[in-house]
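The values are calculated or read from the model by the stated rules, or taken from the named source; none is laboratory data. What you are looking at is a predicted structure, and each value in this text was computed from that prediction instead of being measured. Using ideal geometry, Cβ is built from the backbone for each residue, glycine included, and neighbour counts are taken over all protein chains shown. Side chains included, ligands, DNA and RNA excluded: accessible areas come from the protein's heavy atoms. Shrake-Rupley method; radii C 1.70, N 1.55, O 1.52, S 1.80 Å.
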Amino acid sequence: MASNMVEALIDICQKTHLDELYIVDRLEQTLAKNYADILHLEHGARVTIDRVTGKVYVYELIPKGEPDPETGEYQDFDERDVTPKEASRLVVQHTKQELAEIIRSAGRQQIFEEFSKRVGDLITGTVLQTTSDFAIIKIRDGVEAELPYFDPHRYPDERNERPANEHYAHNQRLRALIVEVRDPHANQQQIRGERQRPSIVVSRTHPDLISRLFELEVPEIFDGVVSIASVAREPGIRSKIAVSSTDPHLDPVGACVGPKGSRVRTVVSELRGERVDVVMWSDDPAINVANALSPAKVSRVLVDKENNYATVIVPDDQLSLAIGKEGQNARLAARLTGMHIDIKNETLAADILRDLKKAPQSVDKDGDYRCEFVSDDKGQCRNVARPGSRYCRLHEQLASGAQSDFSDDPDSLI
């Protein structure tokens, strides 16, 4: 019986990639608690398992000396052999559940130690199981990850890491980003039904997923010649990625797109048809905003750096393209650049400048004069006027360009 137990334990450890000695140590601690209860040992027991034969030895702890005056606990013990005749049989009968829990806990700890350092890495796995709330992704033998897509109305505290347009089938291969590795000792594990959820949480909606996919497809990014400056994403629908190059002779956008679009097409395929726009990053905020609004052509960009605000003027026929369906293009451009973007067509901008009305001069609570610009909805600008000027920085630039003709050249940026 003992030798059979050792063989079974070795077989389990090999299948779960766990350290046999660690499992034996944990099993000894669990058995010591069990035998202390079974044999009614007042001061506990110590259990040892022969690593070769699997024979179990139980020793009663007998205190010696005086207890600690502060804690009342004994520090030194003598041991007396109280091993039952059928100790090995009792081990099998009483520790199946404990052994399963030890192996499960040790496995989760091993996974945590390995994968907690890999948060943000890309993994490739196979869909093992799908439920209404999450999918189980097999990374390798003995290691699984969870891709959650809980209903936010029913489970507001849970994650939703699946794009709305994606559905997964059994044995389907997919790539995902590791976003969290749960600590097995944090008491945050949850059980739904009879299956305990894996420690590793992966995502298909995180913006960094696009960065990692481009690193795989574009050698220049992997080598550090081309860098990804910013990513804005609406998962499953559309994304924008801004890139730059340390080599002035290398086109970073062309490197990411690839010959005949082969590289970006591979990324789009992995993202299940999500549209990906690759634009050039610039340290000039005006040029950066104009590039971010691609594919729309921009006539002029007025930037208020103090308020992180950009007013963009586009040709009349480019207004809908610049804004995008339901404001998607403008919204992604704002996320990509980190600026608030206000888009106007040339006709509206010219009318505003032509019909610019002087507002009654007003003073704010600090004694500063307010900007005199009045919008078409009769609302006066709330900014403080620049010293010696009737307007704030932004509307002063607009006013200074009132007599200038608007250009269709996208490179004529201010």
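A few remarks follow.
- The accessible surface of segment 208-362, taken with every protein chain in place and a 1.4 Å probe, is 50 percent carbon and sulfur.
- For GLU144, the residues whose amide H sits under 5 Å from its own are ILE139, ignoring neighbours fewer than 5 places away on the same chain, with H placed 1.01 Å from N.
- Among 139-149, 46-56, sorting by the average number of other beta carbon atoms lying within 10 angstrom of each residue, highest first, gives 139-149, 46-56.
- Portion, in percent, of the accessible area of segment 117-165 that falls on carbon or sulfur, probe 1.4 Å: 43 percent
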